[in-house]
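Since the structure comes first, as structure tokens, the remarks are kept for the end.
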Amino acid sequence: MSGLIPHTSPVTRTGLAALAVLAALVAAIVVTLDRQAVGTNRQEAASQLESGAQLAASGVGNLRADLRLRASRLASSAALQRAVMDGDRSAVARIAHANHASVAMGGAAIGVPLQQPRLSAHAVILSGTAVVARITVGRAVDAELLAVLRGATVLPPKAKLVLMEHGRVIAGPRLVLDRASYAFGSAPLPVKGVNVVATESLADVSARTGPYLRNTLVAAILTLLLAGALTVRLTRPLDRMVGDLSERAERDELTGLANRRTLDERLGEEVDRARRYDTHVTLVLIDIDDFKRVNDRHGHQCGDDVLRVVGAVLSQSLRELDLAARYGGEEFALVLPGTVVEGARRVAEKIRVAVAAVEIPAPSSERIRVTASFGMAEFPAFQPVAELIAEADRCLYEAKRHGKNRVMATDAPGEQAGRLVHAAS
């Protein structure tokens, strides 16, 4: 019987062993890619939902501004002021009902009872310096408000928007949210205990990975078929590929922020995502003012300390979905998904103030302070990515040219100069 078993040469045995190892490696890669696809898709869904919730919450600002205007106008009404001063509660009640408002005077509330929870705004009527009446106008946090927010929010097709108070749904589909069944993002409303929540079932999220997983499986099968013919020659390129991937650094060693490679990749991804989902992403470029002077006067070690401190301020000032990176030298960059330029201005101004407030010890026992200049641009107002970067850089140059320690941005393409957001005192 032994004569019937073909003899296998050492080369054949080596080839078969290499093929077995390669098959195991490809199988591991397929499993890893499958897990990464599910994880990445869930992260992307969470990012979209978080951005959607933030966008919905930002829409409440306009509603509150309208309520403040209504309260102010009512408090300025000559008819209401006269009725309050005369103590004519009947007239006060009539005016309050006509304006869907509540007027507190003499220890009693007159007018329309305001539903809780609610968005509200207040104004007062004074007699000299004494408050004689307090006017409150409000808008119920209910299904009608949810419909307004949903109409101004971009979400995946099967995602839902709900309003929750202390974990209980008060408007929208009745859901019991848990991370085992749903992906969701939330943002607080200016009402105690109330959040707007964007959510999508994990089943719907996972369904979006189907085409990718099928393509991955086909690619894996083709790879194994090809490996049967190229076993030995394929081992070395695969080894080099794994080595290259393991050597890629994602972080800047000095500051701990993302490095330039990671920044470029993430910016491209966020712009693509914003284009697909018709939303926004803002790029902010930051430059430490007079950094060369710090190095020349206090030494490069002190300059490194400054870079670390600024990096820490950036990390502490952003949301989890934002990215802070070292752009090069004393320059940094922020990628703010789902953020329009107005929101980015507020973030930049907050960081500018925080940087200016930090004291950094120098070798000479001095405590030095630095400032930073900011330039920004928003997608889709500026595209492609190269134009987005160029516009942010131009605004940064304008901030430097106008005296440093300030935030500059262009509201729309074609403007000759960025709008000055802060002029340092």
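The values are calculated or read from the model by the stated rules, or taken from the named source; none is laboratory data. Here the structure is a predicted model, which means the values were calculated and not measured. Cβ sites come from the backbone with ideal geometry, for glycine too, and all protein chains shown count toward neighbours.
Against the criterion of being modelled with pLDDT of 85 or more and either in the same structural domain as V341 (by TED's automatic domain parsing) or touching a Leu at 6+ places or on another chain (Cβ under 7 Å) (or both), L74 qualifies. Quick one: count up the residues across the stretch 66-90 that are crowded, with 16+ Cβ neighbours inside 10 Å and more than 27 Å from Q116 (Cβ to Cβ). Residues that pass the stated criteria total 1.
Applying the set (1) surrounded by fewer than 19 Cβ atoms within 10 Å (Cβ to Cβ); (2) under 24 Å from the mean Cα position of the chain (by Cα) to L149 leaves exactly one unmet item: (1). Of the set (1) more than 19 Å from L257 (Cα to Cα); (2) part of a helix (DSSP H, G or I); (3) among the polar types (S, T, N, Q), all apply to S315 but (1). Taken over the stretch 101-116, the criterion of being surrounded by fewer than 19 Cβ atoms within 10 Å (Cβ to Cβ) and closer than 21 Å to V194 by Cβ is satisfied by V112, P113, L114, Q115, Q116.
Taken together, the residues in the stretch 143-172 that are farther than 18 Å from Q48 by Cβ and without any contact (Cβ under 8 Å) to a residue 60 or more places away in the chain amount to 13.
Taking the criterion of being part of a helix (DSSP H, G or I), within 21 Å of G138 (Cβ to Cβ) and touching a helix residue (DSSP H, G or I) at 6+ places or on another chain (Cβ under 7 Å), the residues of the stretch 84-104 that qualify are V84, V92, I95. Being modelled with pLDDT of 90 or more, touching a helix residue (DSSP H, G or I) at 6+ places or on another chain (Cβ under 6 Å) and crowded, with 18+ Cβ neighbours inside 10 Å, is that true of even one residue in the stretch 392-406? Among the residues of the stretch 392-406, at least one is modelled with pLDDT of 90 or more, touching a helix residue (DSSP H, G or I) at 6+ places or on another chain (Cβ under 6 Å) and crowded, with 18+ Cβ neighbours inside 10 Å, which makes the answer yes.
Out of the stretch 325-362, which residues are farther than 28 Å from E44 by Cα and touching a helix residue (DSSP H, G or I) at 6+ places or on another chain (Cβ under 6 Å)? Correct list: E330, A354, V355, V358, I360, A362.
For S127, the criteria (1) touching a residue at least 12 places away in the same chain (Cβ under 8 Å); (2) surrounded by 14 or more Cβ atoms within 10 Å (Cβ to Cβ); (3) more than 30 Å from E200 (Cα to Cα) hold in every case but one, which is (2). Residues in the stretch 343-364 that are over 27 Å from G61 (Cβ atoms) and hydrophobic (A, V, I, L, M, F, W, C): V358, I360, A362.
Let's see how each residue does on (1) out of contact with any Leu (no Cβ under 7 Å at 6 or more places or on another chain); (2) modelled with pLDDT of 95 or more; (3) within 20 Å of V294 (Cβ to Cβ):
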{"position": "Q316", "(1), (2), (3)": "yes, no, no"}
{"position": "R319", "(1), (2), (3)": "yes, no, no"}
{"position": "Y327", "(1), (2), (3)": "no, no, yes"}
{"position": "F332", "(1), (2), (3)": "no, yes, yes"}
{"position": "V335", "(1), (2), (3)": "no, yes, no"}
{"position": "E342", "(1), (2), (3)": "yes, no, no"}
{"position": "A348", "(1), (2), (3)": "yes, yes, no"}
